[in-house]
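Working notes, structure below.
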Amino acid sequence: MPIPEYILVIASSGRLLAQAAKNVGLKPLVIDIFVDRDTQQYAEAFKQVSSLSEQQLVPVVDYFIQRYGVRHFIYGSGFEYYPESLRYLDNKLIVLGNSIDTFLRLQDKSDFFSSLDKLSIPYPEVCFVPPNNQAVWLVKPMQGQGGLGIQRYNPKHQADTPVYWQKFQAGTQHSVLFLADGKNAQVIGFNTQWTIDLGEGQEFIFSGIISSCDLLDEHKERITDWLDELVCEFRLKGINSLDFIQADEMVFVLEINPRPSASMQLYDADLIIWHIKASQGQLTDYALSNKGYTGYQIVYAQQDVMISEAFKWPDGCMDLPEFGVTCRTGQPVCSIIAHQKQAHLVINELQIKQLNLIKGFNTHGI
């Protein structure tokens, strides 16, 4: 099947997908919540919405269909909270990525963990009623992303939204980015990721990721075998990522992100084209030409900050808010990326860039 010229990108933040599409000569039309300055730069056209609810999406989707004749869409993060919107989009356009049924099935945590049991894939113990033993448990939202809403379980606190409980597992957090065509998986890369504690109720927020992973080859082979089984079980297509924890000789699966994730930008390849082709059933043995390591990190506001027009963004910054936009304490301000020949140099560069940014915010921000 041919690669469509226009692609409608819909996500909480569409910069990643818009940039990937623009870089390979496609024309991305973007609907997102933030419409960052660089998103505007990469988009052929864009519309801002206050949420990804169906009510918000209907008029802007209709506009892009009528104005540009767009027929295909790629969804990114944010639809975990608005599954009904994906049903609407599926009736209007052709999805490039996982089917809506696959996405919704992976949001059904009972189904997901039952499937892991069936496939004999280990994961930290879960339960769907409040636990009563003395182990350390986490309470997790049924629908969530980026660690939002995950916190240590306190029996005195009652959740406002549907949740499940998972036994806390210490270890190193990893993910694997992979392509799928509904039957087979192809690993793009194994990564290490980390979180940040932004206070009560936000203890495990996604903070950054690097294309470096100290897993043994036998662990990587085991996870690759799991991916083949999971692709068949859930009929996964396009780019996906699997989050897991390494604890000594054990590896535990946490979740599947059935959409393009932040780790896409760690790899110097035409991944958006590979995503589209895999979605159409074409899975090729692609070769990556990466040399060295790449890291990506989100910079969160340590206090309320409004970026003034006098502020100059350093190289390697992205997801840039418009001048005058106020980022509240704990909210993302921007993200940064670094590439070096050695992994520890990537981490050092990210830390230095973040410190310099915070100094700049304090100087020029209000």
Residue pairs meeting the criteria (Cβ under 6 Å; at least 6 apart or on separate chains; first touching a residue at least 40 places away in the same chain (Cβ under 8 Å), in region 131-155; second assigned to a loop (DSSP other than H, G, I, E, B)): LEU138/ILE150; LEU138/PHE168; GLN145/SER77; GLY147/PHE204; ILE150/PHE204; GLN151/GLY201; GLN151/GLU203
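For residues that are charged (D, E, K, R) and modelled with pLDDT of 90 or more, scanning just region 257-301, find the one that is farthest from the chain's Cα centre (by Cα). Steps first, answer last, please.
If we filter region 257-301 for residues that are charged (D, E, K, R), which is where we start, we get 259, 268, 270, 277, 285, 291.
Subset that is modelled with pLDDT of 90 or more: 259, 270, 277.
Numbers: ARG259: 7, ASP270: 18, LYS277: 20 Å.
Per the stated criteria, the residue is LYS277.
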Among the candidates ALA343, ALA338, residue that is out of contact with any helix residue (DSSP H, G or I) (no Cβ under 9 Å at 6 or more places or on another chain), surrounded by 13 or more Cβ atoms within 10 Å (Cβ to Cβ) and in contact (Cβ under 8 Å) with a residue 40 or more places away in the chain: ALA343
Helices (runs of 4 or more DSSP H) lying entirely in region 35-114 (those with 2 or more residues that are under 17 Å from the mean Cα position of the chain (by Cα) and within 21 Å of ILE276 (Cα to Cα)): 100-107
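Okay, residues lined up against (1) more than 23 Å from ASP181 (Cα to Cα); (2) crowded, with 16+ Cβ neighbours inside 10 Å:
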residue	(1), (2)
SER212	yes, yes
VAL231	no, yes
PHE234	no, yes
GLY238	no, yes
ASP243	no, yes
ALA247	yes, no
MET250	yes, no
Complete set of residues in region 113-130 that are free of Cβ contacts under 8 Å to residues at least 12 places away in the same chain and among the small types (Gly, Ala, Ser): SER114, SER120
Residue list for region 278-319, filter: among the acidic types (Asp, Glu) and not assigned by TED's automatic domain parsing to the domain that holds LEU357: ASP285
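Listed here are the residues, each with its yes/no results for (1) surrounded by 17 or more Cβ atoms within 10 Å (Cβ to Cβ); (2) of a type in the set (Ser, Thr, Tyr).
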| position | (1), (2) |
| --- | --- |
| GLY69 | no, no |
| GLU80 | yes, no |
| SER85 | yes, yes |
| ASN91 | no, no |
| SER99 | yes, yes |
| ASP111 | no, no |
| SER115 | yes, yes |
| SER120 | no, yes |
| ALA135 | no, no |
Filtered residues of region 166-185 (kept if surrounded by fewer than 18 Cβ atoms within 10 Å (Cβ to Cβ), assigned to a strand (DSSP E or B) and without any contact (Cβ under 8 Å) to a residue 60 or more places away in the chain): LYS167
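Considering only residues that are surrounded by 10 or more Cβ atoms within 10 Å (Cβ to Cβ) and among the hydrophobic types (A, V, I, L, M, F, W, C), which ones fall in region 124-133?
Residues satisfying the conditions are VAL126, CYS127, PHE128.
Surrounded by fewer than 23 Cβ atoms within 10 Å (Cβ to Cβ) and farther than 29 Å from CYS327 by Cβ: is that true of GLY281 in this structure?
For GLY281, the condition - surrounded by fewer than 23 Cβ atoms within 10 Å (Cβ to Cβ) and farther than 29 Å from CYS327 by Cβ - is met.
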Residue among LEU357, LEU350 that is in a helix (DSSP H, G or I), in contact (Cβ under 8 Å) with a residue 12 or more places away in the chain, out of contact with any Ser or Thr (no Cβ under 9 Å at 6 or more places or on another chain) and under 18 Å from SER212 (Cβ atoms): LEU350
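The values are calculated or read from the model by the stated rules, or taken from the named source; none is laboratory data. Predicted model only: the values in this text are computed from it and were never measured. As a convention, Cβ positions derive from the backbone with ideal geometry for all residues, glycine included, and neighbour counts pool all protein chains shown.
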